[in-house]
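These notes are about the structure you will find just below.
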Amino acid sequence: QVQLVESGGGLVQAGGSLRLSCAASISINTMGWYRQVPGKQRELVAAITSGRTTNYAGSVKGRFTISRDNAKNTVFLQMNSLKPEDTAVYYCSAGLTLYGLPTSWGQGTQVTVSS
């Protein structure tokens, strides 16, 4: 079981930026970020493989950038031009493949974007 420790998140005004970080306890091929709001399913935000192939949700393309430091088993999510609809709990994820379901989750970090 991969342990994932997240940091970042918080409150920001619309149009602002935030950066999330997540450190994994071991090396794993795919790391990513999902988000969830009450009453809705958890949805993919972005994922990245160790080879740095990426997959983004359409709603964040051009605004969010996912990156990773393989040497530190860490993934980052740079979020720019934030919108109130980006408000959610963001979960770090880890798994084997870019398009498969994650096998491990972080504890979640709240991102709130005020209008």
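The values are calculated or read from the model by the stated rules, or taken from the named source; none is laboratory data. All values reported here derive from a predicted model rather than from experimental measurement. FYI the Cβ positions are ideal-geometry reconstructions off the backbone, even for glycines, and counts take in every protein chain you see. Accessible surface areas use protein heavy atoms only, side chains included; no ligands, DNA or RNA. Shrake-Rupley method; radii C 1.70, N 1.55, O 1.52, S 1.80 Å.
Just a few scattered comments:
- The single condition from (1) part of a strand (DSSP E or B); (2) touching a residue at least 24 places away in the same chain (Cβ under 8 Å) that T65 fails is (2).
- Filtering the range 56-87 to residues that are under 17 Å from Q13 (Cβ atoms) and more than 10 Å from the chain's Cα centre (by Cα) leaves R63, N80, S81, L82, K83, P84, E85, D86, T87.
- The test for being farther than 15 Å from C22 by Cβ, β-branched (V, I, T) and open to solvent by 30 Å² or more (accessible area, probe 1.4 Å) holds for T87.
- Test: Y99 is touching a residue at least 40 places away in the same chain (Cβ under 8 Å) and surrounded by 16 or more Cβ atoms within 10 Å (Cβ to Cβ): no
- Where strands (runs of 3 or more DSSP E) fall entirely within the range 1-56, those with at least 2 residues that are surrounded by fewer than 17 Cβ atoms within 10 Å (Cβ to Cβ) are at 4-7, 10-13, 54-56.
- All positions within the range 69-94 that are in a strand (DSSP E or B) and under 17 Å from G51 (Cα atoms): D69, T74, V75, F76, L77, S93, A94
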